[in-house]
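Structure first, then comments.
The values are calculated or read from the model by the stated rules, or taken from the named source; none is laboratory data. Just so it is clear, the model here is predicted, and its values are computed rather than measured. Cβ placement follows ideal geometry from the backbone for every residue including glycine, while neighbour counts extend to all protein chains displayed. For accessibility, only protein heavy atoms count, side chains too; no ligands or nucleic acids. Shrake-Rupley method; radii C 1.70, N 1.55, O 1.52, S 1.80 Å.
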Amino acid sequence: MIFSTLEHILIHISFSVVSLGITIHLITLLVDEFVELYDSSEKGMITSFFCITGLLVTRWIYSGHLPLSNFYESLIFLSWILSIIHMVPYLKKQNYLSPITAPSTFFTQGFATSGLLTNMHQSGILVPALQSQWLMMHVSMMVLGYAALLCGSLLSVALIVITFRKVIRIIDNDKRANLNSFSIGGTPYITKKRNVSRNYYKVQLIQQLDHWGFRIIGIGFLFLTIGILSGAVWANEAWGSYWNWDPKETWAFITWTIFAIYFHIRVNKNGEGLNSAIIASIGFFLIWICYFGVNLLGIGLHSYGSFTLTSN
């Protein structure tokens, strides 16, 4: 009872802090006079990280296993990974991922705390098929891969939007007074002349989005590959076959294939920028089909972590 209450408190504190942080972030983007509040929203994300860390540790101690046995626990773990991805560039004074990771954390925690997953909030005993040392290896690698690929794909989506947008508003949080400036990846681009062509900034921004998107997707692709391989070994131990063309396995393979195509296009000189970004954007939707859609249907051999919609 104590552990359950503590989990309830931590998850709601985390979601409240993230919600407040998103609101502050939007205010600072719309109203220049409130730019001083920007750092408060970033500290809110750090607070959320510690709350989620406490929740996972509490649930691990209480259940006796890594909290990745159902969809609710994997969503909490996903939001924890997104918080880490958010904090790393922030601690390095590079805030290029904030507009992506903060809303992603918000929506992930929002769905996890919704009434749809209430029956999963209580930690239970693992089913026999999940009582394996491969649980930590396989599921953690897959969720790490999902988180990194989602962030990298969203950078690609941003690249496409900026490419086709004629006018962009580029703002530096520290020097908004009379400067047209921005800083991505730690590289400052500042000018005091208002008549400087925005095309220069647009090209620089697109290059940085492509640069960081490629690297983050590379990390996610590595984790996804390890997750699929470890899952195949685990499947052979549990079901006697490395591959069964289960819906989860099929969509994981499709997701892996689309990002393999992304790298094939990206390594070519002509593939930098828009072409590879379009492929990564397709991968963004495939990740959600693989991660969310299959769980929604609750079919196949991977139905342990699925949820069902019930009506009162």
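When the stretch 237-272 is limited to residues that are open to solvent by 30 Å² or more (accessible area, probe 1.4 Å), touching a residue at least 40 places away in the same chain (Cβ under 8 Å) and among the hydrophobic types (A, V, I, L, M, F, W, C), the one that is nearest to residue 161 (Cα to Cα) turns out to be 263. Here residue 119 clears all of (1) open to solvent by 30 Å² or more (accessible area, probe 1.4 Å); (2) assigned to a helix (DSSP H, G or I); (3) at pLDDT 70 or above except the condition numbered (3). Looking only at residues in the stretch 261-287 that are over 19 Å from the mean Cα position of the chain (by Cα) and among the hydrophobic types (A, V, I, L, M, F, W, C), the one that is farthest from residue 208 (Cα to Cα) is 261. Can we say residue 275 is closer than 21 Å to residue 161 by Cα and surrounded by fewer than 19 Cβ atoms within 10 Å (Cβ to Cβ)? Yes, satisfied.
Using the structure shown, decide if residue 17 is open to solvent by 30 Å² or more (accessible area, probe 1.4 Å), at pLDDT 80 or above and either among the acidic types (Asp, Glu) or touching a helix residue (DSSP H, G or I) at 6+ places or on another chain (Cβ under 6 Å) (or both). Criteria met by residue 17.
Here residue 69 meets the list (1) at pLDDT 80 or above; (2) buried (at least 22 other Cβ atoms within 10 Å of the Cβ) almost entirely, failing just condition (1). With respect to residue 238, determine if the residue is part of a helix (DSSP H, G or I) and either of a type outside the set (A, V, I, L, M) or closer than 18 Å to residue 146 by Cα (or both). No: the conditions fail for residue 238. The condition (being of a type in the set (A, V, I, L, M), at pLDDT below 85 and over 23 Å from residue 25 (Cβ atoms)) is satisfied by just one residue among 167, 143, 196: 196. Total residues in the stretch 278-304 satisfying the condition of being open to solvent by 10 Å² or more (accessible area, probe 1.4 Å), among the small types (Gly, Ala, Ser) and either at pLDDT 65 or above or closer than 17 Å to residue 78 by Cβ (or both): the figure is 2.
Listed here are the residues, each with its yes/no results for (1) assigned to a helix (DSSP H, G or I); (2) of a type in the set (Gly, Ala, Ser); (3) at pLDDT 80 or above.
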site	(1), (2), (3)
65	no, no, no
74	yes, yes, yes
79	yes, yes, yes
88	yes, no, no
